[in-house]
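Novice: A single structure is presented below for examination.
The values are calculated or read from the model by the stated rules, or taken from the named source; none is laboratory data. None of these values were measured; they are calculated from a predicted model. As a convention, Cβ positions derive from the backbone with ideal geometry for all residues, glycine included, and neighbour counts pool all protein chains shown. Quick note on the areas: whole protein, heavy atoms, side chains included, nothing else; ligands and nucleic acids left out. Shrake-Rupley method; radii C 1.70, N 1.55, O 1.52, S 1.80 Å.
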Amino acid sequence: MKQQKSKLQDVTQGDIHNYDSILKYFNDEPAIQNKKSVYHSITFVTTGIIEFDGGQTTMLHLGTLLSQKGYEVYYLSYVPQSQEEMERNAEANYENYQGTCLSYEHLDTHQSDIWFATLWESAYVIKNKPGYKMYFVQDYEPYFYPYGDRYQLAKKSYNLGLHMISLGPWCAKMIEENCPNHGKIDQITFPVDLANYPFKKRNFDKYESKKTFDLAVYTKWDSPRRAPINLQMVLKNTERLLEEKDGIRLRIHYFGSTKDKKFINGENLGKLSKAEMNDLYRKCDFGIAPSMTNFSLVPFEMMSTGLPFIDFKEGTGKYFIPNEFSFSVAMDEKALVDLFMTVKEHVNYLKENNDKTQQFLQTIQWTHTLNDFVKIIENI
């Protein structure tokens, strides 16, 4: 029988040539730490700078605060990207950021007192450079991949001898439980940017008579960590049940994915600027932003504006938000329907939750995170 070429394509697998430009850095030699009494320069080694990237926005925010503290801060790409494009995307992610962007051409010549890996790949890139090697861990990165070679390479990056700083407690917990030979690990608070997402008082009394609820729903089409498939199915079923039960309509406003992605319900607003997100949060009644691994900036940004936030118990929110400051439910339509009916009947529950939430957010501002970060560096 003559074999016919299938029109269906297999799932894209790893290609070693993705690493051609940095292959020389991949080996099993452990990091040798070079300590100083005082550290002046800090370099974050990154996959270029990508627009609308939450992790890199956090890096830029932290780098800016460190620069204001007097450190020389650099953002060095280990993938080919022009300095001009890096600067343009950095400005889009964090306006008026401070620090110097350096293109891939500087990778072998740049000198720094402290090097920070920002992804498992960059842990291999920096581990044998002269200086003190650290690892800004914003997620448990083996979960980025199916169980296989990249999963194992990512997991091994925690055992290379770098001094890790975990953004929040969940990453530290996962590394300690799954990587018995891991290097030193500290943790800092996952912060909120209150200034860029100002609070606006809401009239929760109106919720009692509402027949339409607007939802601001953050997800990423290509990121299982943001549960895009399950989220769409659950919200689709929630729409149907609410309509059948009490004639309540949901208007769903998805954002965080490119505009070409077609959701099964609601509207896709695409990737939004800070101003556009603020406008969306002000017009909506609830916010949803699933985090199946570490966390996202978005839930705290929603909460900062006064938008009631719905969290899912299957995710990691419980490691970052105490129960009394969000509406935590199972990720299923019946639980969501019960929540909407409950808040309609008990609007004081919404008011009390919102007041407590604003008090809680004051305790996790960037100033606290920066102080924790600097204290770790000063005590190397």
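Novice: Between residue 92 and residue 229, what FRET efficiency comes out of the Förster formula 1/(1 + (r/R0)^6) with R0 = 30 Å and r the beta carbon distance, rounded to 0.05?
Specialist: Values: r = 28 Å, r/R0 = 0.95.
With R0 = 30 Å, the Cβ-Cβ based efficiency is 0.60.
Novice: Shifting gears a bit: Compute a Gaussian network model of the chain, connecting alpha carbons closer than 10 Å, and tell me which residue from 137, 337, 38 fluctuates the most.
Specialist: It is 38.
Novice: Could you compute the FRET efficiency for residue 85 and residue 23, with r as their C-beta to C-beta distance and R0 at 25 Å, rounded to 0.05? Could you put the intermediate results ahead of the total?
Specialist: Details: r = 24 Å, r/R0 = 0.95.
According to the calculation, E is roughly 0.55.
Novice: Going down the table (155/271; 220/271; 184/313; 236/351; 201/283), which pairs top 19 Å between alpha carbons? Don't skip to the end; give the middle numbers.
Specialist: Details: 155/271 31 Å; 220/271 9 Å; 184/313 30 Å; 236/351 28 Å; 201/283 12 Å.
As for pairs spanning more than 19 Å Cα to Cα, those are 155/271; 184/313; 236/351.
Novice: Could you tell me the center-to-center distance, by alpha carbons, between the range 318-355 and the range 11-77 in angstrom?
Specialist: With the range 318-355 and the range 11-77 each reduced to a Cα centre, they are spaced 38 Å.
Novice: Give me the percent of the accessible area of the range 42-108 that comes from carbon and sulfur atoms, probe 1.4 Å, all protein chains in place. All intermediate terms of the calculation are to be shown ahead of the outcome.
Specialist: Values: 1150 of 2730 Å².
Using a 1.4 Å probe with all protein chains present, the range 42-108 comes out at 42 percent carbon and sulfur.
Novice: Let me ask something additional. What is the helix-to-structure angle for 54-68, meaning the angle in degrees between its Cα long axis and the longest Cα principal axis of the chain, kept from 0 to 90 and rounded to the nearest 10?
Specialist: The helix 54-68 is inclined about 60 degrees to the chain.
Novice: Using the heavy atoms of the protein chains alone and a 1.4 angstrom probe, what is the accessible area of the range 25-98 per residue in square angstrom?
Specialist: Numbers: 3530 Å² over 74 residues.
Solvent-accessible surface per residue comes out at 48 Å².
Novice: Right, something else. Charges on Cβ only, +1 for Lys and Arg, -1 for Asp and Glu, centred on the Cα centroid of the range 265-380; of 288, 329, 369, which one is farthest towards the dipole's positive end?
Specialist: Comparing the listed Cα positions along the dipole, 369 ranks first.
Novice: In the range 260-380, carbon and sulfur make up what percent of the accessible area (probe 1.4 Å)?
Specialist: Numbers: 2360 of 4990 Å².
Looking at the range 260-380 in its full context, I get 47 percent from C and S.
Novice: With runs of 4+ DSSP H residues as the only contributors, calculate the mean residue ellipticity of the chain at 222 nm using -39,500 (n - 2.57) per run, divided by the residue total and rounded to the nearest 500.
Specialist: Details: 11 runs with 129 residues, N = 380.
Result for the chain: -10500 deg cm²/dmol, rounded to the nearest 500.
Novice: How much area per residue is accessible in the range 222-348 when the probe is 1.4 Å and only protein heavy atoms are counted (Å²)?
Specialist: 41
Novice: Can you tell me the FRET efficiency between residue 15 and residue 72 if r is taken as the Cβ-Cβ distance and R0 is 45 Å, rounded to the nearest 0.05? Intermediate results must be reported in sequence, preceding the final value.
Specialist: Details: r = 36 Å, r/R0 = 0.81.
E between residue 15 and residue 72, to the nearest 0.05, is 0.80.
Novice: Give the Cα extents of the range 104-173 along the principal axes, in whole Å, largest first.
Specialist: 35, 26, 18
Novice: Which whole-number value in Å³ per residue fits the convex hull of the alpha carbons of the chain?
Specialist: Details: hull volume 62.9 nm³, N = 380.
Spelled out: Cα convex hull of the chain, divided by residues, is 165 Å³.
Novice: Could you give the angle, 0 to 90 degrees to the nearest 10, between helix 333-345's Cα long axis and the longest principal axis of the Cα atoms of the chain?
Specialist: Here the helix axis deviates by roughly 60 degrees.
Novice: Going down the list 211/259; 318/356; 318/344, which pairs span over 22 Å between their C-alpha atoms?
Specialist: On the way: 211/259 28 Å; 318/356 16 Å; 318/344 24 Å.
As for pairs spanning more than 22 Å Cα to Cα, those are 211/259; 318/344.
Novice: Against the longest principal axis of the chain, how steep is helix 228-246, in degrees 0 to 90 to the nearest 10, with axes from Cα atoms?
Specialist: Its long axis makes an angle of about 10 degrees.
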